[in-house]
Each structure stands twice: as structure tokens, then as C-alpha cells.
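Peer 1: Take this structure first; my questions come after.
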Amino acid sequence: MAMPSHLYVNGLWKRINDEIWKQGKTKKGIAEKCGFERRLLNGEHNISLPNLVKLCKELNVSADYLLFGK
């Protein structure tokens, strides 16, 4: 079951998707390199802290940027 939208960090999934697109990568490729399932990047669930760290490293962006747009 999907989480209510008010429990998400505002804009997190948009920034993730924008960054993946900007870098010309695919969600499938990112997920494989990070070691998690592709469906995690669908934006239907909150992301765990360890997976967020892996994603930040793979995309070479800060957690502050993905979480808060800074």
C-alpha cells in the first residue's frame, strides 16, 4: 500500500527522476548498481537511509540536494 503523500519529503522523487534523466541514466541501471530492486525508484514508497546514500553516491549528488533541493 502506498504511503499518504504528506509523509513524503516534498519533491524528493521529482529531484531523483530529474537527476537520473539529466545524467542520461536509467532507473534499471541505477538500481542494479545500487543493489536494490528497480521498483524502489517508482516513487511509491519512502526510501530507506542506506538506499538513499547508495543513490546519492551513484548519482554523485548530496543528500541535501535530493531531500531538500539545496
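Peer 1: Out of (1) open to solvent by 60 Å² or more (accessible area, probe 1.4 Å); (2) at pLDDT 95 or above; (3) among the aliphatic types (A, V, I, L, M), the odd one out for ILE20 is which?
Peer 2: (1)
Peer 1: Continuing with the same structure: When only residues in region 25-70 that are closer than 16 Å to ARG15 by Cβ and among the small types (Gly, Ala, Ser) count, which is least open to solvent (accessible area, probe 1.4 Å)?
Peer 2: GLY43
The values are calculated or read from the model by the stated rules, or taken from the named source; none is laboratory data. Note that this is a predicted model, so its numbers are computed, not measured. Cβ coordinates were reconstructed from backbone atoms using ideal geometry, including for glycine residues, and neighbour counts include every protein chain displayed. Heavy atoms of the whole protein, side chains included, go into the accessibility calculation; ligands, DNA and RNA do not. Shrake-Rupley method; radii C 1.70, N 1.55, O 1.52, S 1.80 Å.
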